[in-house]
Amino acid sequence: MLERYIEKNIFRQVYLCQQLYQKKEIELQTMAERLNVCTVTITNDLEVLRESFTREITTFEKNRNTCSVSFDPTYSLLELTQRIYRRSDFLRVLNDYLIGNTHWSEIAEKEFLSTSKIYQIRADIFAFAEELGCLQQDRQIKPREKDLRYLFLAIARYTGDRSAIPFNKVVAAAAGKLIDYVEDHFFARDYPTSEREIIILGIQLGTQRARHSTLQFSEEEKASARQTPLFRLLQEGIKTLDSTICANEEELFYVYSLFNARNYLCNNLELLQKDFEVVYQNHIQRYPEIEKLLQELRSSLNISPENELLLKKAFLPFIRSTWADMQLFQPDLIYLLDKDQLELYQTIQTILDKWSAVGQTTIHWNTNLIRKMTLILDLLHRTTFDENIELYIVAPSDFNFLYYRKQLETLLDDHFVISNMIYNTLDEVVDDVFFCSRRVIVCDTALYQADLGSENTLIFPVSLKTIDETCIAINQILRPSKKGFANSLSF
């Protein structure tokens, strides 16, 4: 919802920056179609990025059809996109207004905006509030405390502006310890730095707002949370750590929502599977209506039984984030679709809307997260797997690991054995398999580094869309002769 009110040029440039940072090369026509503009507009946006990141971009090559960019790895993707988002007048003014500055002339002066510009933004903010259902007759904006907190969190995440979330060293340290406690006691979970930052920011925000604002959760929402191991672990962790980050039980449910909606990793496949089974049972199996929704997606999208586990893995984080209707403003990367994926998106959206109508739920769906799930389900919709096989995989998420693993098992020759270890950095796997005389690593493009290969280490960059091509390339380059794998593997 929020994305539709952000200036279109800002939105486009953030998406292009994300795509270039992760994939290194983009096709102009594909970007134009996804963003619903012409290639000239894409070219202009790329020039803006080039001028904005003169120090951060190390190489920039563009021809008629493609653009290739390399970034200095010392700059994170988040740092770059925050600089773009900070140019959004809408986000800055919305943040000012929600903090409490309701005098438009003062906001205009503070943000160096003309009178006509501030009135245009005011109209957009009123339209946004009306769509959210929090615009009162006197034109005051009164969002639910839940929505307000996640709006502040989203704006802080996107822009880096933390004026609504004052830094509290003690609270931040306590939040970090609580994350460590969950990681240590829940199947060796590993919350990546970006996810930890969101949780810590959210807890600081909650501690600050709890002094004068009240959260409300229904008894049904509370009962749903209480029966999960995560909630009980958080309760135990706060007590064990003698933490003061929760002023009351309502704030504990808010902290639970922060952990519940964020993604995490695990480098042990067995523990990852146990974690999945527990979370799946408590968020899907326990609720027949949600299981029915999953079955409807499976049958309507004609997803094969071989992809059952991957379907559940794709669906679980999406439905998990809807607890207490707090999905709408969950921050994430921008996900857009190609033309052939839009039909699938419409089908999924229709299924969700019908399910909501039948169950009379009050969930406000996050369309960006629906698109994210669509991209995954599109892969499963078009792909079937047959057999089992092996090698080392570096992936940013457990879904990517499982998807790559399935494809590798299916498409590689039967001379490879896939390691069950889930590596999240390329350095980690290169160091970990240093003892091997010969090794092959399949690395997600978002984590790929070109200079880590060697005579004995062949590293293939891969994405969810190119894994099939990568398997073909591995087979062609590494196809063993009749004399055996070791004798024929030439790097």
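Counting only residues that are aliphatic (A, V, I, L, M) and more than 16 Å from D325 (Cβ to Cβ), region 201-231 holds 5 of them. You will find that of I319, I334, the residue that is in the same structural domain as L375 (by TED's automatic domain parsing), within 22 Å of F401 (Cβ to Cβ) and of a type in the set (V, I, T) is I319 and no other. Note on region 1-23: among residues that are in contact with a helix residue (DSSP H, G or I) (Cβ under 7 Å, 6 or more places away or on another chain) and of a type in the set (D, E, K, R), the one that is farthest from L375 (Cα to Cα) is E7. Of all residues in region 348-382, those satisfying the criterion of being modelled with pLDDT under 95, among the β-branched types (V, I, T) and over 22 Å from P331 (Cα atoms) are V358, T361.
Would you confirm whether or not region 351-365 contains a residue that is free of Cβ contacts under 8 Å to residues at least 12 places away in the same chain and of a type in the set (K, R)? Yes: one or more hits. If you check I303 against the conditions, is it surrounded by 18 or more Cβ atoms within 10 Å (Cβ to Cβ) and either in the same structural domain as E197 (by TED's automatic domain parsing) or part of a helix (DSSP H, G or I) (or both)? Judged against the criteria, I303 is not a match. Apart from one condition, V14 fits all of (1) of a type in the set (A, V, I, L, M, F, W, C); (2) over 28 Å from A395 (Cβ atoms); (3) in contact (Cβ under 8 Å) with a residue 40 or more places away in the chain; the exception is (2). Among the residues making up region 348-378, those that are assigned to a helix (DSSP H, G or I), hydroxyl-bearing (S, T, Y) and farther than 25 Å from N400 by Cα are T350, S356.
Of all residues in region 307-320, those being of a type in the set (D, E, K, R) and crowded, with 17+ Cβ neighbours inside 10 Å number 2. Take region 119-149 and flag every residue that is aliphatic (A, V, I, L, M) and crowded, with 18+ Cβ neighbours inside 10 Å. Once the filter is applied, which keeps residues that are aliphatic (A, V, I, L, M) and crowded, with 18+ Cβ neighbours inside 10 Å, region 119-149 yields I121, I125, A129, L132, L135, I141, L148.
Only one of the numbered conditions (1) more than 21 Å from the chain's Cα centre (by Cα); (2) within 24 Å of L78 (Cβ to Cβ); (3) surrounded by fewer than 17 Cβ atoms within 10 Å (Cβ to Cβ) is not met by I42, and that is (3).
In region 164-176, the residues that are within 16 Å of L241 (Cα to Cα) form Cβ pairs under 6 Å with partners that are hydrophobic (A, V, I, L, M, F, W, C), at six or more places apart or across chains, as follows: V171/I245; A172/I200; A174/I245; A175/I200; A175/I203. Of the residues making up region 100-113, not a single one is touching a helix residue (DSSP H, G or I) at 6+ places or on another chain (Cβ under 9 Å), within 14 Å of Y21 (Cα to Cα), aromatic (F, W, Y) and in contact (Cβ under 8 Å) with a residue 12 or more places away in the chain. Per the listing A154, A173, the residue uniquely surrounded by fewer than 17 Cβ atoms within 10 Å (Cβ to Cβ), out of contact with any Ser or Thr (no Cβ under 9 Å at 6 or more places or on another chain) and in a helix (DSSP H, G or I) is A173. Within region 321-347, the set of residues being surrounded by fewer than 20 Cβ atoms within 10 Å (Cβ to Cβ) and assigned to a helix (DSSP H, G or I) comprises D325, K339, D340, Q341, L342, E343, L344, Y345, Q346, T347. Would you check if F276 is surrounded by 21 or more Cβ atoms within 10 Å (Cβ to Cβ), aromatic (F, W, Y) and either over 30 Å from V170 (Cα atoms) or touching a residue at least 60 places away in the same chain (Cβ under 8 Å) (or both)? So F276 does not fit the description; no. If only residues of region 90-118 that are at pLDDT 95 or above and among the basic types (K, R) are counted, the one that is surrounded by the fewest Cβ atoms within 10 Å (Cβ to Cβ) is K117. I'm checking my understanding of the structure. Among residues of region 458-477 that are hydrophobic (A, V, I, L, M, F, W, C) and surrounded by 15 or more Cβ atoms within 10 Å (Cβ to Cβ), which one is farthest from L375 (Cα to Cα)? Restricting to residues being hydrophobic (A, V, I, L, M, F, W, C) and surrounded by 15 or more Cβ atoms within 10 Å (Cβ to Cβ), the top hit is L458.
The values are calculated or read from the model by the stated rules, or taken from the named source; none is laboratory data. Model, not experiment: these values are computed from the prediction. Neighbour counts run over all protein chains shown; Cβ positions are idealised from the backbone, glycine included.
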